[in-house]
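The values are calculated or read from the model by the stated rules, or taken from the named source; none is laboratory data. Since the model is a prediction, treat every value here as computed from it, not as a measurement. For neighbour counting, all protein chains shown are included, and Cβ atoms are generated from backbone atoms with ideal geometry for every residue, glycine included. Heavy atoms of the whole protein, side chains included, go into the accessibility calculation; ligands, DNA and RNA do not. Shrake-Rupley method; radii C 1.70, N 1.55, O 1.52, S 1.80 Å.
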Amino acid sequence: MTTPFPLLRLPRLALISVFMHMEPNEVIMFALLSKRANKLSKCLRKLSASSIDLVVENDSHHLTVLFMHREELPFNTNNFWSTETILHKNVGLSVSEWIERVQDVTNCKSLKRVDLRGSPRLDMCDALSSLNNISELYIHPGCPESFVEKALRILSPVTNEINMWSIPFENREEFRTFLKTNLDYLSIYYCASEIPKFEFSMDDVLIANPLKLQLIEGPSSVEDINQFFLNWLQNTIDSRMEHFSMNVRENVNEDNLLNGLNAVSFLEERTFHYSKEIDFPFETFSSGYDIERVDGKKATITFVNSYPIRRIDFYIWS
Amino acid sequence: MTSPASSSEVKYLIESSEGNTFDVSGAALRQSNTFNAMFLNIGADGPIPFTDYNEATLKKVFEYCEHSVNEENYSGPKHQDDLSKWDLNFFNEMDQKMFIDVINASNFLDIERLTSYCCERIARMLRGKNTQEMIKVITLPTAEELEAKQKVEEKKAAAAKKVAEKAAETAEKTETLEELPVQQLVQTTRNKLTRKYLSFSNE
């Protein structure tokens, strides 16, 4: 059969059977052909994606759609997963239309994760503007700073978690403004090499609003962190931040870290719960140091000092 | 010769759109759920009129049914890779028009195995293709064609509704199915299927 097949001349029950024989990837591709094809796909085969991730790379981008399948076995139910990769290539749709169409046909209204991995095409910022709910944003090394800066401006308000390997801010004020974003989680990698572009003070962390702030390879010394704790004790203005974690390059000297804090050590299993139900619901630790502010606010300091992990954690109890 | 089917020896006469008749074994016919719903228990008095389909199409469909008489009961779709050489030849020797006619007839006669294989064959045309490649393999109707098709379907639905109402009135008057003449029985079943199809389409 070399001439194009008139698919829609088939009776509806046969069309349903055709669509039931198609792989999810093919149903999605069919839906991308036209608005009518999309409408038809939705009538003939109901797809329910568990999540959709967007990956932006140098001049190309794709969506990864995750499906969960249930297999009823005689004595139990087996769940297994499959992923479909949908390229934005020769589909005749803008990036935002393409994302919207895939979300529509897979009945998945939001993106779970967005990965920015390189220099995108011009219309990507428009596409990002159309996104209204993202769980996780990953900004990988190598993204042009101008794009990262725009992407953060657009996506920070609609994102819960940000992991970034690039700090696109030119000055401290811009960085402080970004730290005030109401995220659930912000993790910045290679801080030490990224932050020297501008002056940075641990005081900036005091005003940070993510529930959990993690600076990997932080730019500050143990003495600086001690000063941060002293400032926290003096401070009476609270940000949203409940957990601050920083990896440092030097050995953590206990005396330097706790100097002047009147810290009380403890040895017991404790669980720290975040005030909001988020992807990482709790942290546990079995030893550390408690400090208390004049207004009664309590916090716990823990640290790990075994190479290669040299990390200091600061938990603020509500 | 037509009579209630109890053995594979029984032959039924099938009437095509051209008015021609030909024999089909009871065993082959029983693969059609539509036939089973209409005639299995009561038999048919005279040729069974499948007059929406031409002789060539019906013969092709029942050729398949005759061949698969001895296969085990249909238990779900089978991949094309698992099809026998005979099955593959059966599909390969059809041109596109015949293929579509066979799907339509098989769909009406509700022959699950044949419909499923045909549909899987179409799905395979799209396997692994991107949008550009799909456009080369299938044709999608234009807005005008769709509008025209919708009008035809609306007319058909209205006519079917009218006939169904009339058939329902007749059915109320008739005490048993056995008393219905064959032509009317076909029409009643067709109406039932139409109603089923319409309710399905509206979901």
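Looking at B:Tyr74, B:Tyr53, which is the one that is part of a loop (DSSP other than H, G, I, E, B), more than 10 Å from chain A (Cβ to nearest Cβ) and at pLDDT 90 or above? Reasoning before the result, please.
On the way: B:Tyr74 fails: at pLDDT 90 or above.
After ruling out the rest, the residue left standing is B:Tyr53.
Can you pull out every residue in segment A:243-281 that is out of contact with any Ser or Thr (no Cβ under 8 Å at 6 or more places or on another chain), touching a residue at least 40 places away in the same chain (Cβ under 8 Å) and within 27 Å of A:Asn163 (Cβ to Cβ)?
A:His243, A:Phe244, A:Ser245, A:Asn247, A:Arg249, A:Asn251, A:Val252, A:Leu257, A:Tyr274, A:Lys276, A:Ile278, A:Phe280, listed by residue number.
Report those helices (runs of 4 or more DSSP H) wholly inside segment B:86-154 carrying at least 2 residues which are more than 7 Å from chain A (Cβ to nearest Cβ), surrounded by fewer than 20 Cβ atoms within 10 Å (Cβ to Cβ) and in contact with a helix residue (DSSP H, G or I) (Cβ under 8 Å, 6 or more places away or on another chain).
B:96-109, B:112-125
Taking only segment A:15-35 into account, find how many residues are at the interface with chain B (Cβ under 8 Å from one of its Cβ atoms), surrounded by fewer than 20 Cβ atoms within 10 Å (Cβ to Cβ) and in contact with a helix residue (DSSP H, G or I) (Cβ under 6 Å, 6 or more places away or on another chain).
0
Which helices (runs of 4 or more DSSP H) sit wholly inside segment A:168-211 and have at least 1 residues that are β-branched (Val, Ile, Thr) and at pLDDT 85 or above? Step through it out loud before you land on a result.
Details: elements: A:172-179, A:191-194, A:203-206.
Because the criterion is at least 1 residues that are β-branched (Val, Ile, Thr) and at pLDDT 85 or above, the helices (runs of 4 or more DSSP H) in segment A:168-211 that meet it are A:172-179, A:203-206.
Only one of these is outside any loop (DSSP other than H, G, I, E, B) and closer than 26 Å to A:Thr83 by Cβ: A:Leu131, A:Leu152, A:Leu137. Name it.
Working: A:Leu131 fails: outside any loop (DSSP other than H, G, I, E, B); A:Leu152 fails: closer than 26 Å to A:Thr83 by Cβ.
Result of the check over A:Leu131, A:Leu152, A:Leu137: A:Leu137.
Return the residues of segment A:37-61 that are within 14 Å of chain B (Cβ to nearest Cβ) and surrounded by 15 or more Cβ atoms within 10 Å (Cβ to Cβ); say none if nothing qualifies.
Scanning segment A:37-61 gives A:Ala37, A:Asn38, A:Leu40, A:Ser41, A:Lys42, A:Leu44, A:Arg45.
Does B:Val182 satisfy being outside the structural domain of B:Ile48 (by TED's automatic domain parsing), crowded, with 18+ Cβ neighbours inside 10 Å, modelled with pLDDT under 85 and in contact with a Gly (Cβ under 7 Å, 6 or more places away or on another chain)? Even if it seems obvious, please write down each step before you answer.
Details: outside the structural domain of B:Ile48 (by TED's automatic domain parsing): yes; crowded, with 18+ Cβ neighbours inside 10 Å: yes; modelled with pLDDT under 85: yes; in contact with a Gly (Cβ under 7 Å, 6 or more places away or on another chain): yes.
Taking the combined requirement at face value, the residue satisfies it.
Out of all the residues in segment A:75-124, which are within 14 Å of another protein chain (Cβ to nearest Cβ) and open to solvent by less than 50 Å² (accessible area, probe 1.4 Å)?
Quick first cut of segment A:75-124, residues within 14 Å of another protein chain (Cβ to nearest Cβ) only: A:84-93, A:97-98, A:101-102, A:105.
Matches in segment A:75-124: A:Glu84, A:Ile86, A:His88, A:Val91, A:Leu93, A:Trp98, A:Arg101, A:Val102, A:Val105.
Quick one: which residue in A:Arg9, A:Arg70 is open to solvent by 70 Å² or more (accessible area, probe 1.4 Å), facing another protein chain (nearest Cβ under 7 Å) and over 17 Å from B:Thr131 (Cα atoms)? Step through it out loud before you land on a result.
Values: A:Arg70 fails: facing another protein chain (nearest Cβ under 7 Å).
Among A:Arg9, A:Arg70, only A:Arg9 is open to solvent by 70 Å² or more (accessible area, probe 1.4 Å), facing another protein chain (nearest Cβ under 7 Å) and over 17 Å from B:Thr131 (Cα atoms).
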